[in-house]
1. When you look at Lys146, is it modelled with pLDDT under 95, in a strand (DSSP E or B) and of a type in the set (Lys, Arg), yes or no?
2. Being outside any strand (DSSP E or B) and exposed (fewer than 15 other Cβ atoms within 10 Å of the Cβ) is the filter here; which residues of region 28-55 pass it?
3. Which residues, taken from region 56-72, are surrounded by 15 or more Cβ atoms within 10 Å (Cβ to Cβ), more than 18 Å from the chain's Cα centre (by Cα) and of a type outside the set (Asp, Glu)?
4. List every residue pair whose Cβ atoms lie under 6 Å apart, where the two residues are 6 or more positions apart in sequence or sit on different chains, the first residue falls within region 52-81 and is over 17 Å from Tyr36 (Cβ atoms), and the second residue, located anywhere, is part of a strand (DSSP E or B) and open to solvent by less than 50 Å² (accessible area, probe 1.4 Å).
5. Quick test for you: out of Tyr108, Tyr75, pick the one residue that is out of contact with any Lys or Arg (no Cβ under 6 Å at 6 or more places or on another chain), modelled with pLDDT under 95 and of a type in the set (Phe, Trp, Tyr).
6. Quickly run through region 88-103 and pick out the residues that are open to solvent by 70 Å² or more (accessible area, probe 1.4 Å) and not basic (Lys, Arg).
7. Across region 105-124, which residue is nearest to Ser64 (Cα to Cα) among those that are assigned to a loop (DSSP other than H, G, I, E, B) and open to solvent by 60 Å² or more (accessible area, probe 1.4 Å)?
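The values are calculated or read from the model by the stated rules, or taken from the named source; none is laboratory data. This structure is a prediction, so every number in the text was calculated from the model and none was measured. Glycine also receives a Cβ, built like all others from the backbone with ideal geometry; neighbour counts cover every protein chain displayed. Surface accessibility is based on the protein's heavy atoms, side chains included, excluding ligands, DNA and RNA. Shrake-Rupley method; radii C 1.70, N 1.55, O 1.52, S 1.80 Å.
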Amino acid sequence: SSLTFYHRLIKNWILWSPVENSFIWSPSNLTKVRSYGLEINHSLTFNSINGCHKLKGTLNLGRSENLVDIQTPNYKAGQQLLYSPKMTFNLQWLSEFKNFSFILNGHYTGEVMAVNQENLQDYFLLSVQLNKALVINNFKLDGFLKFENILNHSYFIIENRPMPVTHFLLGAKFNINY
């Protein structure tokens, strides 16, 4: 388990934002940003006749705020930065047996402030992954099949840019050990 407190004072923070009366985006210097919060990590591991199992959780509570009033985009001092959630939570279950592993991962992201609308809604995503390792002499092949957003939620991390609903990833990694 771990508990981490953090506080950062950042000078010359760069923010990309739309240029007034234009579709062009340009970097802006916010001058000063303060970021502070707390992160809690905890994990439990246990073995059974069916292999090794691990449960891991991470909670992040944080604030990232502009310290100087600016005009474009309209930011008041003390306002939370765009697209910066105040809370995220991740919970993962991992089971390993012989050359197989199974991962179930849940991730929650709290609402965030956006450029043109007040807030983007919070969302919860669930993914599942199956891995298989094949070892022959000095060669190792790791393959995986992962299904993302299995609850088929519609969500945004940036306004007007929807993220994919349920989708899958298939991959492999080949290692040669000398």
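1. In short, no.
2. Thr31, Ile49, Asn50, listed by residue number.
3. Selection gives Asn66, Leu67, Ile70.
4. From region 52-81, the pairs are His53/Ser95; Lys54/Leu94; Lys56/Gln92; Thr58/Asn41; Thr58/Asn90; Pro73/Ser17; Tyr75/Asn66.
5. Answer to the check: Tyr75.
6. Selection gives Phe89, Leu91, Trp93, Glu96, Phe97, Asn99, Phe100, Phe102.
7. By that ranking, first place goes to Glu111.
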